[in-house]
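Q: Questions regarding the structure given below will be posed in turn.
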Amino acid sequence: DVKVTQSSRYLVKRTGEKVFLECVQDMDHENMFWYRQDPGLGLRLIYFSYDVKMKEKGDIPEGYSVSREKKERFSLILESASTNQTSMYLCASSSGLAGISQETQYFGPGTRLLVL
Amino acid sequence: AQSVAQPEDQVNVAEGNPLTVKCTYSVSGNPYLFWYVQYPNRGLQFLLKYITGDNLVKGSYGFEAEFNKSQTSFHLKKPSALVSDSALYFCAVTNQAGTALIFGKGTTLSVSS
């Protein structure tokens, strides 16, 4: 089974702090994704990566950055956390065999971030 | 604009009855279509997907979905609902560029015993 793990289930941070969210997958997947989930808005893509050191902006990249130094690990960084970044953050990965569009994405359990 | 609509925020059914969770999309070309389920305090789990071929797709836990190109719909169905099916369901469609998924806002399914 594919396993996607996220470093924390719950985080509480203060406004202005730098926040790191870590995601690790164990299936040698090429593609990795970061989403945020908000009630009534569904999932929105923040960034994705289709290879080591490669990254692409999603729909809502403002206020976020990412890092992918190793294939299995994809980090989301909030450079200066703000209260409007309070949300559930979901990481996902998928194989690159058939391209991003066809492959099933496998999700981690999520990190619920509260910014005070 | 590309979008996915799940017109019902909540669907209520009695255990043993058939269920339908609706999804329509607005994406040009021939997108790929997915259904995911999310149980409380969990990540999303893959249920099924349509890539090509037979319009009726069968997936996990007895769920199936019917792709209708003319109506741009991909409704999720199950012949007999279980209380354990109660969860949040998301429809997703690949964007026109084929680089990402567009998710609907989700439909909460509540199955009563």
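The values are calculated or read from the model by the stated rules, or taken from the named source; none is laboratory data. Worth saying up front: this structure is predicted, and the values here are computed from it rather than measured. As a convention, Cβ positions derive from the backbone with ideal geometry for all residues, glycine included, and neighbour counts pool all protein chains shown. Heads up: the accessible areas ignore ligands, DNA and RNA and are worked out on the full protein's heavy atoms, side chains in. Shrake-Rupley method; radii C 1.70, N 1.55, O 1.52, S 1.80 Å.
Q: Which far-off residues, 5 or more places away or on another chain, put their amide H under 5 Å from the one on B:Ala81, with H placed in the peptide plane?
A: Amide H to amide H, under 5 Å and 5 or more residues apart or across chains, B:Ala81 pairs with B:Gly16, B:Asn17, B:Leu19.
Q: Restricting attention to region B:1-81, which trypsin sites (Lys or Arg not before Pro) occupy a DSSP loop and are surrounded by at most 10 other Cβ atoms within 10 Å?
A: Here the sparse-neighbourhood loop sites are B:Lys69.
Q: State the percentage of accessible surface on region A:4-96 attributable to carbon and sulfur atoms; use a 1.4 Å probe and exclude ligands, DNA and RNA.
A: Roughly 50 percent, rounded to a whole number.
Q: Would you mind working out the magnitude of the charge dipole of region B:3-112 relative to its Cα centre, with +1 at each Lys and Arg C-beta and -1 at each Asp and Glu C-beta, to the nearest 20 Debye?
A: Value, rounded to 20: 180 debye.
Q: Would you be so kind as to identify which of A:Val52, A:Leu78, A:Ser94 lies farthest towards the positive end of the dipole of region A:4-96, taking Lys and Arg as +1 and Asp and Glu as -1 on Cβ and the Cα centre as origin?
A: Checking the options against the dipole of region A:4-96, the answer is A:Leu78.
Q: Could you work out the equivalent-ellipsoid semi-axes for region A:19-111, taking the square root of 5 times each eigenvalue of the Cα gyration tensor, largest first, in whole Å?
A: 21, 14, 11
Q: Also, I was wondering about something else. Could you tally the net charge around B:Leu76, taking each other residue with its Cβ under 10 Å from the Cβ of B:Leu76, Lys/Arg +1 and Asp/Glu -1?
A: +1
Q: For region B:9-78, give the percent of accessible area contributed by carbon and sulfur heavy atoms, probe 1.4 Å, rounded to a whole number.
A: That share works out to 43 percent.
Q: Go through A:Tyr89, A:Tyr106 and list them by solvent-accessible area, largest first, probe radius 1.4 Å.
A: The ordering from most to least exposed comes out as A:Tyr106, A:Tyr89.
Q: Take peptide A:29-38, look around each residue's Cβ out to 10 angstrom, count Cβ atoms belonging to other protein chains, and average those counts.
A: That average works out to 2.
Q: In whole angstrom, note down how far apart the Cα centers of region B:52-108 and region A:28-44 are.
A: Going from one Cα centre to the other spans 17 Å.
Q: Could I ask something else about it? Mind checking the per residue accessible area of the protein assembly as shown for me, 1.4 Å probe, whole number of Å²?
A: Heavy-atom accessible area per residue stands at 47 Å².
Q: Using the Cβ atoms and a cut-off under 9 Å, what net charge is assigned to the surroundings of A:Arg68, where Lys and Arg are +1 and Asp and Glu are -1?
A: Counting the neighbours of A:Arg68, the net charge comes to +3.
Q: B plus A alone minus the pair: what accessible area, both sides summed, probe 1.4 Å, in Å² to 100?
A: 1700 Å²
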